[in-house]
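A.B. asks: I have a structure I would like to understand better, so I am pasting it below and will then ask my questions one at a time.
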Amino acid sequence: MNEESGSVASKEAYALSHDTYIEKIEEIKKYTIEEEYLKMMLDAAKARIEVWKVQEYSKRAEMKAGL
């Protein structure tokens with residue numbers, strides 16, 4: 001923003017339209033999408049582990065009961 005002369009508004013408009021700024025915003029968008037995908041996959045894996053734990057507990061309970 002310091003490269004431009006004029007009012008703060010014109011400096012801000014220049015900065016927001018600058019190619020480097022736009023590229024960085026696109027990178028942030030890309031990595032945010034990737035982060036959210038990975039969070040979703042982690043939550044899904046945790047859910048699968050919980051299901052497995054319940055199934056194993058049920059198997060052990062059945063074995064103890066002699067079913």
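A.B. asks: Any chance you could count the Lys pairs in the stretch 8-65 whose alpha carbons are under 29 Å apart, treating pairs 8 or more apart or on different chains as valid?
C.D. replies: So the count works out to 12.
A.B. asks: Now for a different question. Across the chain, where is the longest run that never hits GluC sites (Glu not before Pro) in a DSSP loop with at most 16 other C-beta atoms within 10 Å?
C.D. replies: Maximal segment without exposed cleavage sites: 5-67.
Computed from the coordinates by the stated procedures, all read-outs in this text should not be read as laboratory data. Worth saying up front: this structure is predicted, and the values here are computed from it rather than measured. Positions of Cβ are generated from backbone atoms using ideal geometry, with glycine treated the same way; all protein chains shown enter the neighbour counts.
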